Every structure is written in structure tokens, then in C-alpha cells.
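Engineer: So that we are looking at the same thing, I have put the structure below in C-alpha cells.
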Amino acid sequence: MSLDDLYKEVILDHYKSPRNKRPLPGATVSKNRNNPLCGDEITVHARLDDDRVAEVTFEGQGCSISQASASMLTEATHGKTVGEADALAREFRGMMEGTVDPDEDAFGDLVALKGVVKYPVRIKCAVLGWDVLQEALGRPAGD
Ligand code: ZN
């Protein structure tokens, strides 16, 4: 199996069995954004406990890349501090812009989205959930 196939399989797995895709009663922040180019929509709910992301879930609809990225995001940022989650969001965006070579251990399944770099119109799909997360954390990335 090629690396591309492996990446595709990881993305499809998150798309078909999304992690933490549910409302979050007790959320302290919820933000929503859409990507009109593709019809993707993502809402991120988080419960912040002091400076920590105690719980994070998402809801949404759209293409496999946007939904898989949001699913991976909830796993990758759970339990992190706001600063750490924001740093990961920046690194992820850097990977999608081709300026950051990710640390595979820190990135886990997120590395699978690296293949999307080859399809510039899909990069917005992959980054959408992270834009919403940063806005929810009060660290908007800007456009
Ligand atoms: Zn999309």
C-alpha cells in the first residue's frame, strides 16, 4: 500500500466514523464557519477549564477532508492548553501551506492531510475546522 493510499484510508476512516461529533452541553465557547467554495460547514464546541481545552467536539457537514480534519482536530487538541492548541493550529496551517514539515509524533493522524497540499482548492476544506477552533479560543487567525 502506498503512503497516499494509507493517508486516504485514514481520512476516510475519520470521515465515516468521526470522533467527538456531537453537541457539547456545558460548552463555554461555540463558533461556526462555512466554506462556500465547497459547501462545508463546521461548528466547534469547547469547554475551557481555566487555560485548558477540557473537552472539544464538533458538528458539521461537507466533504470528507473538512469533516476528517475536524474529527482529527478534536483528538489532537483535547486536554491541551489554549496556547498549545493555538500553536498546533498554526503548525497545521503551515503544513497545508507547505512551509512546515510536521513532527509526525505530535501530529498523529493529521499527517494524513499533508497529501491535500497537492490540491490547492481543498486546502480551505482542511483548514476550516482549525479556523473555527482558533476563533473559539479567542486566537483568530485572520484571513
Ligand atoms: Zn470541502
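The values are calculated or read from the model by the stated rules, or taken from the named source; none is laboratory data. Because the structure is a prediction, the values reported are computed rather than measured. Every residue, glycine among them, receives a Cβ derived from its backbone with ideal geometry; neighbour counts consider all protein chains shown. Keep in mind that these areas ignore ligands, DNA and RNA; they rest on the heavy atoms of the full protein, side chains included. Shrake-Rupley method; radii C 1.70, N 1.55, O 1.52, S 1.80 Å.
Engineer: Under the rule of -39500 (n - 2.57) per DSSP H run of 4 or more residues, summed and divided by the residues of the chain, what mean residue ellipticity at 222 nm is obtained, to the nearest 500 deg cm²/dmol?
Structural biologist: Mean residue ellipticity, 222 nm, calculated: -14500 deg cm²/dmol.
Engineer: Calculate, in nm to one decimal, what Thr99 and Ser64 gain on full extension: separation in residues at 0.36 nm each, minus their alpha carbon distance.
Structural biologist: Values: separation 35, 0.36 × 35 = 12.60 nm, distance 2.37 nm.
Extra length available between Thr99 and Ser64 comes to 10.2 nm.
Engineer: Still on this model: Can you tell me the 0 to 90 degree angle between the C-alpha axis of helix 64-77 and the longest principal axis of the chain, rounded to 10?
Structural biologist: On a 0 to 90 degree scale, this one is about 50.
Engineer: Another one. What full-extension length gain, to one decimal in nm, is calculated for Glu75 and Asp4 as 0.36 nm per residue of separation minus the Cα-Cα distance? Before the final figure, lay out each step's value.
Structural biologist: Details: separation 71, 0.36 × 71 = 25.56 nm, distance 2.19 nm.
Between Glu75 and Asp4, full extension yields an extra 23.4 nm.
Engineer: Then there's this: Which of the peptides 120-127, 5-12 is most tightly packed, and how do the rest follow, going by the mean number of other Cβ atoms within 10 Å of each residue? Before the final figure, lay out each step's value.
Structural biologist: Details: 120-127: 19.4, 5-12: 15.1.
Put in order of decreasing packing, that is 120-127, 5-12.
Engineer: For the chain, with all protein chains present and a 1.4 Å probe, just round the carbon and sulfur fraction of the accessible area to a whole percent.
Structural biologist: Details: 3520 of 7230 Å².
The computed percentage sits at 49.
Engineer: So, for the chain, what is the accessible surface per residue at a probe of 1.4 Å, expressed in square angstrom? Walk me through the numbers on the way to the answer.
Structural biologist: Working: 7230 Å² over 143 residues.
Dividing the accessible area of the chain by its residue count gives 51 Å².
Engineer: Okay, moving on. Place a label point 7 angstrom from the Cα of Asn32 along the Cα-to-Cβ direction, then list the residues of segment 50-72 whose backbone nitrogen is under 16 Å away.
Structural biologist: Counting only backbone N, you get 57-62.
Engineer: Take the alpha carbon atoms of segment 102-136, find their center, do the same for segment 39-87, and report the distance between the two centers in whole angstrom.
Structural biologist: First find each Cα centre; the distance between them is then 12 Å.
Engineer: Lys8: which aspartates and glutamates have alpha carbons under 13 Å from its alpha carbon, excluding same-chain residues fewer than 8 sequence positions away?
Structural biologist: Asp109
Engineer: Considering only the other residues whose Cβ falls under 9 Å of the Cβ of Pro102, what net charge follows from Lys and Arg at +1 and Asp and Glu at -1?
Structural biologist: On the way: positive: Lys114; negative: Glu91, Asp101, Asp103, Glu104.
Cβ neighbours under 9 Å give a net charge of -3.
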